[in-house]
Amino acid sequence: MSSKGKFYMTTAIAYTSGKPHIGNTYEIVLADAIARFKRQQGYDVYFQTGTDEHGQKIQEKAEAAGITPKEHVDRIAGEVKRIWDLMNTSYDGFVRTTDADHEKQVQKIFKKLYNQGDIYKGSYEGLYCTPCESFWTQSQLVDGKCPDCGREVTPAKEEAYFFQMSKYADRLIAHINAHPEFIQPVSRKNEMMNNFLLPGLQDLCVSRTSFRWGIPVDFDPKHVVYVWLDALTNYITKIGYDADGNSAEQFGKNWPADLHLIGKDIIRFHTIYWPIFLMALDLPLPKQIFGHPWLLQGDGKMSKSKGNVLYADELAEFFGVDAVRYFVLHEMPFDNDGVITWELMVERMNADLANTLGNLVNRTISMSNKYFDGVVEDGGAPEAVDEDLKAVVTKTAALVEAKMEELRVADAMTEIFHLFKRCNKYIDETTPWILAKDEATQPRLKTVLYHLVDSICIGASLLKSFMPQTAENILAQMHAKEIPFEELHRFGHYENGGRVTEHPEILFARLDLDEVLKKAEARYPSAPEEGTGEAQEETGIDIEPKAEISFDDFMKMQFQVGEIIACKAVEKSKKLLCSQVKIGSQVKQIVSGIRKHYTPEEMVGKKVMVLVNLKPAKLAGVLSEGMLLCAEDENGTLALLVPEKEMPSGAEIC
């Protein structure tokens, strides 16, 4: 173990309902930056992430797609790992809640809590939100809908096991009051105390009988363990917790967790349910739970149903992995939601990455090659302006460390880029191109370039936690090694007489906004709402008119909003997609000739307009029970008609 001790941190585990979007990916990148920085400080870090793979929603998605739930979660878990790895995240452990050792421990934990009287058998009648896997009372609903996701809830009644939350509520309140750092930011703590704990906790449903895709309660196998008791325990099962008292050495070393990093939408489960489960198991509570804000697309939360989802792998194709990492880390405030748009991405790429950082590195290396054949040495000719540069550079590590202690990652990155900006200012102040004209000022020119190279190496060493590949690239071009963290407070690391690369690489190329928007439009037809330029007048198209119909004829047609919950290609056709469309409480199968225009993955989650009472028919041997409404232009391009505003599944179109 390193001198600073252990640091165990986790992310929330990704729910395997679909491919994670950039808002989901932000969390793993944020966690990775924290884990890398802790390692840089000298901590023995164990960084865990994973996938949450049980529940009714997954069972329904798998059934709709005609595959087993295990086949579904295997595919999505593989996609999650692919994106996590693509984004260069350095996790040490990846847990899946379908892992055999996890499932075994969940069963043992459930039985232990039952045997000691914390769990009892009863029945539940309430309003259930399938996407959130949550029961609600009528008074908890917001405008008649789920208070977490805003979607429809349905009445549900079933036999269930319950956990006695109230038994531990006072103890949890006392812990939160005694440990102000436990829930961060403070606004999240106030929300949990005022909205949930102080008004009084209801007992929590911890088993279900209405679906089978879950971990069976071994002593009552018609029940499966409810998703939150299953999912939350991953933080201890993966590191070797054993409910029978035979926990692994790794558990003894790492628990309690130093940090649970989660989205603000699941803060209640992690700051109320999870601590109470731990109290019942007689285990110490995690030291800190941080509920980070959301990354919004434009002015709204990313949602497949809104058609505004961006994916990390596709953004990396446009900008590169480290540019995406920079953006999501730098643009997310500590306590408020951040915004991602194409314009902002291009602006940051050009101003911060290409200009402030990339141009600095390129100019410094190019001048070293031009004036001294790449050799960098201190000419021993200091001036007063050098001291200000050194002061900024040598204090940056302490400033970054202070910000990271508060988990203010965006502010920490700002401090690093302040260092790079100071270097650019130093170039303007010292005018190396003028010094190069006079033989008498060659020692001063050497000193200036040495100070620049040394400062850049210090900045790159600090940058490595946030943009690891970029930092390595900079140091490689300088032919320098990463500077240990404890040495970053002083100047003079670069080897006197060292040599920079002969051919500097462009770290980040400037981008043309119009070109990016055109490419984005091709991939995301509705993406660049914030595009520049004059609006083009739409000429419109004319079509062959059909015979007039009466109002009575029109009233025979029933149009409703539907949500596509699953979609797959029809095997016998190159044109058809088969969608499972949720309309109110029912699900209809609808076959549509739109395969050339949409992939099955793009379809899932969309809210669409449906002709519901069309007579069923078979297309390519597959039954279709309705019609999705589309618009078609003169080139035969189809676009699904979607509600302008967020509307619930089943809403009537009139």
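The values are calculated or read from the model by the stated rules, or taken from the named source; none is laboratory data. Just so you know, these numbers come straight off a predicted model, no measurement behind them. With ideal geometry, Cβ positions are generated from the backbone for all residues, glycine too; neighbour counts draw on all protein chains shown.
It is to be established whether one or more residues within the stretch 43-58 are in contact with a Leu (Cβ under 8 Å, 6 or more places away or on another chain) and either of a type in the set (Lys, Arg) or without any contact (Cβ under 8 Å) to a residue 60 or more places away in the chain (or both). Give the steps one after another, and end with the answer.
Going residue by residue through the stretch 43-58, those that are in contact with a Leu (Cβ under 8 Å, 6 or more places away or on another chain) are none.
No, the stretch 43-58 contains no residue that is in contact with a Leu (Cβ under 8 Å, 6 or more places away or on another chain) and either of a type in the set (Lys, Arg) or without any contact (Cβ under 8 Å) to a residue 60 or more places away in the chain (or both).
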Inset, instruction - Show the residue pairs that are 6+ apart or on different chains and have beta-carbon atoms under 8 Å apart, the first residue being within the stretch 241-265 and closer than 29 Å to Leu296 by Cβ, the second being part of a helix (DSSP H, G or I) and hydroxyl-bearing (Ser, Thr, Tyr). - result: Ala257/Tyr235; His260/Tyr235
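Yes/no matrix, rows are residues, columns are (1) crowded, with 20+ Cβ neighbours inside 10 Å; (2) of a type outside the set (Lys, Arg); (3) in contact (Cβ under 8 Å) with a residue 24 or more places away in the chain:
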{"residue": "Trp136", "(1), (2), (3)": "no, yes, no"}
{"residue": "Gly144", "(1), (2), (3)": "no, yes, no"}
{"residue": "Arg151", "(1), (2), (3)": "no, no, yes"}
{"residue": "Ala156", "(1), (2), (3)": "no, yes, yes"}
{"residue": "Glu159", "(1), (2), (3)": "no, yes, yes"}
{"residue": "Phe162", "(1), (2), (3)": "no, yes, yes"}
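Among the residues of the stretch 188-205, is there at least one that is under 21 Å from the mean Cα position of the chain (by Cα), within 26 Å of Met332 (Cα to Cα) and modelled with pLDDT under 95?
Of the stretch 188-205, the ones under 21 Å from the mean Cα position of the chain (by Cα) are 188.
Narrowing the set further to residues that are within 26 Å of Met332 (Cα to Cα) leaves 188.
This time we only want the ones that are modelled with pLDDT under 95, so: 188.
Scanning the stretch 188-205, I find at least one residue that is under 21 Å from the mean Cα position of the chain (by Cα), within 26 Å of Met332 (Cα to Cα) and modelled with pLDDT under 95, so the answer is yes.
Okay, residues lined up against (1) at pLDDT 95 or above; (2) over 30 Å from Glu317 (Cβ atoms):
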residue	(1), (2)
Glu71	yes, no
Asp85	yes, no
Thr97	yes, yes
Lys104	yes, yes
Asp118	yes, yes
Gly126	no, yes
Legend entry - Residue that is nearest to Met413 (Cα to Cα) [pool: residues in the stretch 331-372 that are touching an Asp or Glu at 6+ places or on another chain (Cβ under 7 Å) and among the polar types (S, T, N, Q)]: Thr341
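Can you tell me which of Leu344, Leu329 is among the aliphatic types (A, V, I, L, M) and surrounded by 18 or more Cβ atoms within 10 Å (Cβ to Cβ)?
Details: Leu344 fails: surrounded by 18 or more Cβ atoms within 10 Å (Cβ to Cβ).
None of the other options fit; the residue is Leu329.
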Inset, instruction - Kindly check whether there is at least one residue in the stretch 402-421 that is farther than 30 Å from Asp514 by Cα and of a type in the set (Gly, Ala, Ser). - result: yes
Inset, instruction - Could you pull out the residue among Ile427, Ile434 that is surrounded by fewer than 21 Cβ atoms within 10 Å (Cβ to Cβ), modelled with pLDDT of 95 or more, assigned to a helix (DSSP H, G or I) and within 40 Å of the chain's Cα centre (by Cα)? - result: Ile427
Legend entry - Selection from the stretch 599-620 of residues that are closer than 16 Å to Glu563 by Cα and at pLDDT 85 or above: Met603, Lys606, Lys607, Val608, Met609, Val610, Leu611, Val612
Inset, instruction - Would you be able to tell me the number of residues in the stretch 462-488 that are without any contact (Cβ under 8 Å) to a residue 60 or more places away in the chain, assigned to a helix (DSSP H, G or I) and either touching a Leu at 6+ places or on another chain (Cβ under 6 Å) or surrounded by fewer than 22 Cβ atoms within 10 Å (Cβ to Cβ) (or both)? - result: 6
Legend entry - Test set (1) part of a strand (DSSP E or B); (2) in contact (Cβ under 8 Å) with a residue 40 or more places away in the chain - Gln589 fails condition number: (2)
Inset, instruction - Scan the stretch 332-373 for residues that are touching a Pro at 6+ places or on another chain (Cβ under 6 Å) and modelled with pLDDT under 95 and report the count. - result: 4
Inset, instruction - Could you list, in sequence order, all residues of the stretch 272-292 that are under 20 Å from the mean Cα position of the chain (by Cα) and crowded, with 20+ Cβ neighbours inside 10 Å? - result: Ile289, Phe290, Gly291, His292
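Only one residue in Leu640, Leu623, Leu628 is modelled with pLDDT of 85 or more and exposed (fewer than 15 other Cβ atoms within 10 Å of the Cβ), so which one is that? Break it down into steps so the answer makes sense when it comes.
Numbers: Leu640 fails: exposed (fewer than 15 other Cβ atoms within 10 Å of the Cβ); Leu628 fails: exposed (fewer than 15 other Cβ atoms within 10 Å of the Cβ).
Of the residues listed, the single one that is modelled with pLDDT of 85 or more and exposed (fewer than 15 other Cβ atoms within 10 Å of the Cβ) is Leu623.
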Inset, instruction - Looking only at the stretch 626-641, decide whether some residue is in contact with a Phe, Trp or Tyr (Cβ under 6 Å, 6 or more places away or on another chain) and not in a loop (DSSP other than H, G, I, E, B). - result: no
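When you check Phe251 against the structure, is it surrounded by fewer than 24 Cβ atoms within 10 Å (Cβ to Cβ), in contact with a helix residue (DSSP H, G or I) (Cβ under 8 Å, 6 or more places away or on another chain), aromatic (Phe, Trp, Tyr) and under 24 Å from Ser123 (Cβ atoms), yes or no? Steps first, please.
Details: surrounded by fewer than 24 Cβ atoms within 10 Å (Cβ to Cβ): yes; in contact with a helix residue (DSSP H, G or I) (Cβ under 8 Å, 6 or more places away or on another chain): yes; aromatic (Phe, Trp, Tyr): yes; under 24 Å from Ser123 (Cβ atoms): no.
No; evaluated as a whole, the condition is false for this residue.
Look at the stretch 317-326 and say how many of its residues are more than 21 Å from Gly263 (Cβ to Cβ) and surrounded by 20 or more Cβ atoms within 10 Å (Cβ to Cβ).
Taking the stretch 317-326 first, the residues more than 21 Å from Gly263 (Cβ to Cβ) are 317-323.
Those still in the list that are surrounded by 20 or more Cβ atoms within 10 Å (Cβ to Cβ) too: 319, 321-323.
Of the residues in that region, 4 qualify.
Taking the stretch 489-524 as the search range and keeping residues that are among the hydroxyl-bearing types (Ser, Thr, Tyr) and more than 25 Å from the chain's Cα centre (by Cα), which one is surrounded by the most Cβ atoms within 10 Å (Cβ to Cβ)? Let's see the steps before the verdict.
Of all residues in the stretch 489-524, those among the hydroxyl-bearing types (Ser, Thr, Tyr) come to 494, 501, 524.
Subset that is more than 25 Å from the chain's Cα centre (by Cα): 494, 501.
Details: Tyr494: 24, Thr501: 14.
Within the stretch 489-524, the match that is surrounded by the most Cβ atoms within 10 Å (Cβ to Cβ) is Tyr494.
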Inset, instruction - Would you confirm whether any residue within the stretch 376-390 is surrounded by 15 or more Cβ atoms within 10 Å (Cβ to Cβ) and assigned to a strand (DSSP E or B)? - result: yes
